[in-house]
Every structure is written in structure tokens, then in C-alpha cells.
1. Quick one: in segment 1-22, of everything that is in a loop (DSSP other than H, G, I, E, B) and within 29 Å of residue 83 (Cβ to Cβ), which residue is modelled with the lowest pLDDT?
2. Looking at segment 23-70, which of the residues that are polar (S, T, N, Q) and in a helix (DSSP H, G or I) is nearest to residue 82 (Cα to Cα)?
3. Listed residues 52, 34, 38; which is at pLDDT 85 or above, of a type outside the set (Gly, Ala, Ser), within 14 Å of the chain's Cα centre (by Cα) and open to solvent by 90 Å² or more (accessible area, probe 1.4 Å)?
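The values are calculated or read from the model by the stated rules, or taken from the named source; none is laboratory data. Note that the structure is a prediction, hence the values are computed from the model and not measured. Note that we place each Cβ from the backbone using ideal geometry, even for glycine, and neighbour counts take in every protein chain shown. For the accessible areas, the whole protein counts, side chains as well, though only heavy atoms, and no ligand, DNA or RNA atoms are used. Shrake-Rupley method; radii C 1.70, N 1.55, O 1.52, S 1.80 Å.
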Amino acid sequence: MNTSGFMKGLSPRSVHPAVQLLMLLGLAVAGLCLASLLALLLANALYGVSMLQFGALAAAPERAPHGWEVLMLYQGLSLAGWGLGRQCCRC
């Protein structure tokens with residue numbers, strides 16, 4: 001038996017759990033922000049929707065020819081970015 005109180009091969013955590021939660025939240029939000037920016041850039045390149053038009057498009061997607069497609073692109077990339085940000089912090 002290991003006398004240090006930890007199982008063999010495992011080291012004690014050096015970061016406080018509150019700090020780990022803050023790191024997890026920060027990386028998840030950073031991933032969400034970067035993915036949202038990528039989605040807006042793709043929407044501009046593929047569908048010609050500017051960032052100023054995106055607010056009106058989100059409020060009434062049926063008024064734009066590709067409104068639902070742009071919103072689904074934005075939602076998919078945002079959720080993927082949130083998930084990737086969470087996975088980066090293996091706390």
C-alpha cells in the first residue's frame with residue numbers, strides 16, 4: 001500500500017477545484033466565442049449575411065432566402081465550439 005494516501009500512479013491535484021471550474025468555464029466560453037466568430041464569417045462568405053444583418057435574421061429567419069440554413073450553421077458551430085472548449089480542460 002502506498003503510504004502517501006493516493007493510489008499508485010495517481011498524483012495529487014495541484015489546482016484548487018474552484019480554479020478548475022473557472023478554467024473549465026473560461027475555456028468553454030472561449031471556444032463558444034471563437035466558434036461563433038467562425039460561424040459569422042462563414043455566413044458572410046457563403047450566404048452574404050453581414051454581422052449587422054444577422055440580428056434581423058435571427059429574429060425572423062423566414063424573411064431571408066437562406067435564413068434557417070444560416071441559423072443552423074451558427075448553432076452547430078457554436079455548440080461544437082462550446083464542447084471543444086470544455087474538452088480542452090481535462091480537469
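1. Among those residues, the one meeting the criterion is 10.
2. 36
3. Just one listed residue meets the conditions, 34.
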